[in-house]
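Here is the structure we will look at, set down as structure tokens.
The values are calculated or read from the model by the stated rules, or taken from the named source; none is laboratory data. Model, not experiment: these values are computed from the prediction. Every residue, glycine as well, gets a Cβ built from its backbone with ideal geometry; the counts of neighbours run over all protein chains shown.
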Amino acid sequence: MEFKAEDARASILPDGEYNFEVVSAEDTRSRFMDKNGNQITDAENQEGEEQIQLNLRIYHDGGVIFLNQWLSPSKSWKIRQFAYAVGLIKQYEAEVLLAADCLDKAGKLKLGNYEDKTGTMRNSVFKYLESETSTADVKDALKTFKATAKTESEQPDDMPF
């Protein structure tokens with residue numbers, strides 16, 4: 001298989017605010033952390049911490065990227081941000097959030113960049129932004145974005161070939 005390494009670098013978005021929607025969500029358990037956020041080192045505690053794995057579609061001027069994120073009790077501040085960003089306040093206040101609750105939700109987030117242990121630049125959600133806009137309003141805006149992007153890509157260019 002052949003590929004261009006710069007294609008991966010091109011998918012790193014600059015720091016900023018972006019619209020997103022949850023395209024998949026799964027109740028899972030972490031593989032490396034216990035319920036207190038400590039790294040698991042002994043064989044009897046291999047269960048890990050409950051978490052929800054989210055696959056986010058993040059919209060930007062050039063199209064979309066996909067990004068995996070995790071919500072876990074050890075980072076309850078992130079659960080709160082997410083819940084308030086997508087309208088799951090009742091679930092947050094009841095202290096019960098399931099993957100099924102997160103599916104098809106949409107909102108706005110602040111994306112940032114960091115360098116991982118291998119020196120590769122990556123995007124990460126720095127913050128989910130609280131909004132008075134409902135998921136339905138955000139999804140309507142995303143539909144308009146998708147329709148505009150599709151229409152623009154279907155326009156003929158001025159090139160004769």
Fill in: Candidates 139, 90, 127, filtered to the one that is within 16 Å of the chain's Cα centre (by Cα) and modelled with pLDDT of 90 or more
127
Worksheet item: How many residues does the range 60-86 hold that are outside any helix (DSSP H, G or I), within 17 Å of residue 18 (Cα to Cα), in contact (Cβ under 8 Å) with a residue 12 or more places away in the chain and in contact with a strand residue (DSSP E or B) (Cβ under 9 Å, 6 or more places away or on another chain)?
Response: 6
Worksheet, complete the sentence: Over the range 94-111, the set of residues over 15 Å from the mean Cα position of the chain (by Cα), of a type outside the set (Gly, Ala, Ser) and either part of a strand (DSSP E or B) or more than 10 Å from residue 25 (Cα to Cα) (or both) is 95, 96, 97
Worksheet entry | Residue in the range 1-18 that is under 20 Å from residue 128 (Cβ atoms), surrounded by 13 or more Cβ atoms within 10 Å (Cβ to Cβ) and modelled with pLDDT of 90 or more present | yes
Discussion item. So, residue 24, is that one within 30 Å of residue 94 (Cβ to Cβ), of a type in the set (S, T, N, Q), at pLDDT 65 or above and touching an Asp or Glu at 6+ places or on another chain (Cβ under 7 Å) or not?
Written reply: no
